[in-house]
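Note sheet for the following structure.
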Amino acid sequence: EAVEIIQFAPQWKYVNVNLDVTVALTLQISAEQASNKVALESALDDAVSSMKSWRNQPCVLVIHVAGATDESESIIKNRLTDPSLHTDASYSPEVCLIAAIFDDETTELVSRNALLNMATD
């Protein structure tokens, strides 16, 4: 397992990451959620809603997915890079860096502190 950047934040070339990142979000998806499309999409909707609530302020989202499958990985990538997100004035994908750890182990959980440390580094 490795950290995979799902969405780069091109606008970050104008951002001082030590001063300007206003929110670091983490999302831990269990194997049960990863294998249930409705539960997975609901968790992703919550993440997108959180990013939108920051109104185009620079942000980081780090996701850990236990029991990741090709299907769950595809759903996550498609949802978080959906072109329709670009049409919402409250959210610009250009300012949010999104990274994921797709873990095929179903029992693996990661410390929320570890995810938060990754997001802030």
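Less than 17 Å from a label point 7 Å out along the Cα-to-Cβ axis of ALA114: which backbone N atoms in region 28-46 qualify, by residue?
28-31
Quick one: net charge of ALA43's neighbours, Cβ under 12 Å, K/R +1, D/E -1?
Net charge around ALA43: -2.
Say each of GLU41 and ASP82 gets a label point 7 Å from the Cα, pointing the same way as Cα to Cβ; how far apart are those two points in nm?
Distance between label points: 0.8 nm.
Where a number appears in this text, it was derived from the coordinates with a stated rule and is not lab data. Just so we're clear, the structure is a prediction, and the values are computed from it rather than from any experiment. Using ideal geometry, Cβ is built from the backbone for each residue, glycine included, and neighbour counts are taken over all protein chains shown.
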